[in-house]
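What follows is calculated from the coordinates using simple rules that are stated; it is not laboratory data. Quick caveat, the model's predicted, so the values are computed rather than measured. Quick reminder, even Gly has a Cβ in these numbers, built from the backbone with ideal geometry, and neighbours come from all protein chains shown.
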Amino acid sequence: MPTRNLAADRTFDVFSADCPSRAALAHATGRWGALTLAALTGGPLRFGAVRRRVDGISEKMLSQTLQELERDGLVHRAVLSEMPPNVEYSLTAAGEAVAGKVLELIKVLYATMAEGQR
């Protein structure tokens, strides 16, 4: 069922091929997007810390993932005024909501896998 975005007064339908929400859904639920969102739930992290947390992701893929999530309004990028300059990533309010759902899914998967091992 389509949902209304009252701020833009536009109908979004993720099942429609031309709906812009499809790209955001793909970014947030893809392997690297979901793991990156989950990694940022503990608070702001620098690029290297995110990469260490999301084991197996390349620098290029992490950079691309963070850019996509930032464009989708789920991640905030802040340039810190330090020497040398550093960048810190954090979740936006929308990112926190989506990351919360990702963590719920992870917990369900853990529980299901644990039951299967009994």
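What ranking do 84-94, 59-69, 107-117, 33-43 get when scored by the average of other Cβ atoms within 10 Å per residue, highest first?
Working: 84-94: 13.9, 59-69: 16.8, 107-117: 8.8, 33-43: 19.6.
Highest-to-lowest ranking by the protection proxy: 33-43, 59-69, 84-94, 107-117.
In nm, give the distance between the simple-model label positions of Leu105 and Glu82, each being 7 Å from the Cα along the Cα-to-Cβ direction.
In this crude spin-label approximation the distance works out to 3.2 nm.
If you average 1/r over every pair of different alpha-carbon atoms in the chain and take one over that average, what Kirkwood value in Å do you get? All intermediate terms of the calculation are to be shown ahead of the outcome.
Values: mean 1/r = 0.0640 Å⁻¹.
Hydrodynamic radius (Kirkwood, Cα pairs) of the chain is 15.6 Å.
Gain in length, Phe47 to Val14, computed as 0.36 nm per residue apart minus the alpha-carbon separation, to one decimal in nm?
Extending this stretch completely gives an extra 8.8 nm.
Counting only helical runs of four or more DSSP H residues, what would the 222 nm mean residue ellipticity of the chain come to if each run contributes -39,500 (n - 2.57) and the total is spread over all its residues?
On the way: 5 runs with 62 residues, N = 118.
Calculated from helices alone, the mean residue ellipticity at 222 nm is -16500 deg cm²/dmol.
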